[in-house]
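What follows is a short report on a single structure.
The values are calculated or read from the model by the stated rules, or taken from the named source; none is laboratory data. It should be emphasised that the depicted structure is a prediction, and the values quoted were computed from it without experimental measurement. All Cβ positions, glycine included, derive from the backbone under ideal geometry; neighbour counts span all protein chains shown. Protein only, heavy atoms only, side chains kept; ligands, DNA and RNA dropped before computing areas. Shrake-Rupley method; radii C 1.70, N 1.55, O 1.52, S 1.80 Å.
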Amino acid sequence: MSSRWYPIYQKGNPQLRIFLPNFWMKLVRSKEPLPPNVVEFHVPLAMTNHDIKNYLEKIYNVTVKHVESTLENGKLKRSYGKVGFITKEEDYRRAIVTLPKTESFTFPDICPKEKQEESEKERKEMKEQQANALKKFTDRNSNNPGIPNWFRI
Amino acid sequence: MLTVSLCHNLAKMSLPSSLSLCQRHIQMLRKHPIQKAIHTSSKLLDLNEFFDSPKNFGAEQVRVGRSWRKEELRVKSSSDLHKLWYVLLKEQNMLKTMEHECKEKFIVFPNPERIDKVQESMENLEDVIRERNVAYFQLETTHTGERPAELIDNAFGLKEVYTKSEYDVPKELNKEWQKNNPVIDNRTLAVKKFLVLLKEKLLKKEYAKMKNEEKEVAQIFATYKDVDVEAVQEKYPDVDVEEVRQSDKARGNWAP
């Protein structure tokens, strides 16, 4: 039996087990405010609530109290340009997972302000340098009227 | 850290010359000290495992290695592969989460090829497991344990790979299945006509391709005076280059 083809389950047979699960899970910041012990996930369509609970408990060692999930459509997008054909993102399952009341999860800030400011500062410096270099080049022969700036004396 | 310090202490000690082998060892260790003799598994961070380490937050570039190759995975034991699969799965989940969050926040996701690398190594791992599975099944039960498939003629009379699957009831007895999957006769006149037309179309396509190549070869001889004929023949194996060279089309604008 190959690893991705499972026999049909007959009542009384031993339980089917997955050795190499290929389900992915995304932890997502929810658009609506949730209680601190509730987390939102995006998972593949084929995953059931039972699968989600097992996945989190066995692989991530997280205790799960309750799982609810809905099917969501992928976004429709019209491409820019003359043709403007429509593309669709993949469908997914939105899972709302409830942890025990004692636990709380806060979504981390993945772009801290300090780093953002630093990168912005660098970008500004670069722009200034470029502008200065251009000005130096254009004003090269300003004292010698009638001579183009690419000409060096 | 413990092992490293021990090595250095050993190297500092002066030893009698009779232990030349040991000294050589110490010299080797001096050159290449053991950096990491003890290895521990990663910390369990629960839901924070879905995120990258905080030092990579807001980074413009995250440097990582290459993906796992098949020949490297073939050496590993099955239990090692099983462990590695979960490491890769967690890494993939982390990367997908970070990519999604970056998209939401309008930031550039650093090094998106990391996802491809993880997926490639996962594919390789699965292939290696599959190889082992097939070998095991052929030893135990003469046939590969792969999903059975068959080459069939479909409704249009074309060859198609039909992958079989298991059913509770055999299809001879399953009335409902028979109703949903009626047998389509593909030996009718319409199908025969279609196949003739399809064959004609494919032949025409092939002929056009051949003629196009001939034209290209003639163009080459017409534009360049001294051309290596063998090299042209190598590039266009289906064309009789010598014949095309002597034709009228291949004549250039110079005296022969």
Only loop residues by DSSP count here, and only those with at most 15 other Cβ atoms within 10 Å; note down the trypsin sites (Lys or Arg not before Pro) in the stretch B:105-183 that meet that. B:LYS164, B:LYS171
Given a Förster distance of 30 angstrom, what is the FRET efficiency for A:VAL83 paired with B:CYS102, based on the Cβ-Cβ distance and rounded to 0.05? 0.60
Starting at the first residue of the stretch B:212-222, write each ³J(HN,Hα) from the Karplus equation 6.51 cos²θ - 1.76 cosθ + 1.60 with θ = phi - 60°, in whole Hz, x for Gly and Pro. 4, 5, 4, 4, 4, 4, 4, 4, 4, 5, 6
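So, counting K/R as plus one and D/E as minus one, what does the shell of residues with Cβ under 12 Å around A:LYS115 add up to? Each step should come with its number before you reach the end.
Values: positive: A:LYS113, A:LYS121, B:LYS55; negative: A:ASP109, A:GLU114, A:GLU117, A:GLU118, A:GLU120, A:GLU122, B:GLU60.
For residues surrounding A:LYS115, the net value is -4.
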In the protein assembly as shown, what percent of the accessible surface is made up of carbon and sulfur (1.4 Å probe, ligands and nucleic acids excluded)? 55 percent
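How high is the relative contact order of chain A? Use alpha-carbon pairs under 8 Å, at least six apart in sequence, and give a whole percent. Provide the component values of the computation, followed by the final result.
Numbers: 159 pairs, mean separation 29.7, N = 153.
Normalised by residue count, the contact order of chain A is 19 percent.
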Label-reachable residues, the stretch B:200-216, where backbone N falls under 19 Å from a point 7 Å from B:ARG251's Cα toward its Cβ: B:215-216
Taking the Cα-to-Cβ direction at A:SER142 and at B:LYS204 and moving 7 Å from each Cα, how far apart do the two end points lie in nm? 7.1 nm
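Over the whole of A:105-115, what's the average partner chain Cβ count within 10 Å per residue? Rounded to a whole number, please. Each step should come with its number before you reach the end.
Details: counts 4, 1, 4, 7, 5, 14, 8, 3, 1, 1, 4.
What the average comes to for A:105-115 is 5.
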Using only the Cα atoms of the stretch B:87-211, construct the convex hull and provide its projected area averaged over every direction, in square nanometres to one decimal. 16.6 nm²
Candidates per chymotrypsin sites (Phe, Trp or Tyr not before Pro) in the stretch A:1-51, loop by DSSP, up to 14 other Cβ within 10 Å: A:TRP5, A:TYR9, A:PHE19
Under 17 Å from a label point 7 Å along Cα→Cβ of A:ARG29: give me every residue in the stretch A:99-116 with its amide N that close. A:105-116
Would you mind getting me the FRET efficiency between A:LEU16 and B:PHE57? Use the beta-carbon distance for r and R0 = 41 Å, nearest 0.05. 0.55
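Averaged across the residues of A:59-71, what count of C-beta atoms belonging to other chains lies within 10 Å of each residue's C-beta?
Details: counts 5, 9, 5, 4, 1, 0, 0, 0, 0, 0, 0, 0, 0.
What the average comes to for A:59-71 is 2.
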Expected field for A:THR63, accessible surface area in Å² at 1.4 Å probe radius, rounded to 10, holds 80 Å²
What net charge is computed for the residues neighbouring B:SER77, neighbours being all others with C-beta under 11 Å from the C-beta of B:SER77, Lys and Arg scored +1, Asp and Glu -1? +3
Ranked from the most accessible area to the least, with a 1.4 Å probe and all protein chains present, what is the order of A:LEU71, B:LEU73? A:LEU71, B:LEU73
I need the fraction of alpha carbon pairs in the protein assembly as shown separated by more than 33 Å, rounded to a whole percent. 67 percent
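How crowded by other chains is B:96-102, given as the mean number of beta carbons from other chains within 10 Å of each beta carbon? Walk me through the intermediate numbers first.
On the way: counts 6, 9, 3, 1, 5, 9, 2.
Across B:96-102, the average partner-chain Cβ count within 10 Å equals 5.
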Write out the chymotrypsin sites (Phe, Trp or Tyr not before Pro) in the stretch B:88-174 meeting two conditions: DSSP loop, and at most 13 other Cβ atoms within 10 Å of their Cβ. B:PHE106, B:PHE156, B:TYR167
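Applying 1/(1 + (r/R0)^6) with R0 = 41 Å to the Cβ-Cβ distance of B:TYR86 and B:PHE156, what FRET efficiency is obtained, to the nearest 0.05?
Working: r = 45 Å, r/R0 = 1.10.
Efficiency, from the Cβ-Cβ distance: 0.35.
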Solvent accessible area, Å² - B:VAL75, 1.4 Å probe, full protein context: 120 Å²
Whole-Hz ³J(HN,Hα) for each residue in the stretch A:107-112, computed from phi via Karplus 6.51 cos²θ - 1.76 cosθ + 1.60 with θ = phi - 60°, x for glycine and proline: what do you get? 6, x, 8, 7, 10, x
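Which order do you get for A:MET126, B:MET210, B:MET94 if you rank them by accessible area with a 1.4 Å probe, largest at the top? Let's see the in-between values first.
On the way: A:MET126 115, B:MET210 75, B:MET94 15 Å².
Output order, biggest surface exposure first: A:MET126, B:MET210, B:MET94.
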Surface/4 of the Cα convex hull for the stretch A:1-107, nm²: 10.5 nm²
